[in-house]
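The values are calculated or read from the model by the stated rules, or taken from the named source; none is laboratory data. These figures come from a predicted structure and were not determined experimentally. For neighbour counting, all protein chains shown are included, and Cβ atoms are generated from backbone atoms with ideal geometry for every residue, glycine included. With ligands, DNA and RNA removed, areas are computed over all heavy atoms of the protein, side chains included. Shrake-Rupley method; radii C 1.70, N 1.55, O 1.52, S 1.80 Å.
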Amino acid sequence: TVNVSNYPPYNIVKTGDNKYDVEVALAGFNKKDINVSVENGMLTIESKEDKTKDKDGEVIHKGISKRYFKKSFTIADDVEVKGAELKDGMLRVSMEKIIPEAKKLRTIDIK
């Protein structure tokens, strides 16, 4: 049995003909808490371990956790990661499938 974590929840959204977004719900995280990397066809989103103490005082009950996570997505060779943005608790990683000129539809003029 493979242990697959459902945390954090995510969506994969087609935003255009060759454009896609991976949306990851990251309430409570700042952009300094997150690493987004691409290597060898893998997009990886992970949290950095929080080594700081709560500056607001002693926490009596901890129901809001910033637990460590690592999520990886396999991406095709022809997909380019364009950027990432964290806004209102949602991390959005934008990708685009790059179609070489030789494979694009061309209309040939008849002489």
note = Restricting region 18-35 to residues that are among the charged types (D, E, K, R) and open to solvent by 70 Å² or more (accessible area, probe 1.4 Å), the one nearest to ALA84 (Cα to Cα) turns out to be LYS31
query = Within the set of pairs 6 or more residues apart or between chains, which connect a residue that is small (Gly, Ala, Ser) inside region 15-42 to a residue that is open to solvent by less than 30 Å² (accessible area, probe 1.4 Å) with Cβ atoms less than 7 Å apart?
reply = ALA25/PRO8; ALA25/GLY89; ALA27/GLY89; SER37/THR44; GLY41/ILE75
key: Out of VAL79, VAL38, sole residue that is open to solvent by less than 60 Å² (accessible area, probe 1.4 Å) and either within 30 Å of PRO100 (Cβ to Cβ) or modelled with pLDDT of 95 or more (or both)   = VAL79
task = List every residue pair whose Cβ atoms lie under 8 Å apart, where the two residues are 6 or more positions apart in sequence or sit on different chains, the first residue falls within region 81-103 and is within 12 Å of ILE34 (Cβ to Cβ) and free of Cβ contacts under 8 Å to residues at least 40 places away in the same chain, and the second residue, located anywhere, is open to solvent by less than 50 Å² (accessible area, probe 1.4 Å) and among the small types (Gly, Ala, Ser).
result = GLU85/SER94
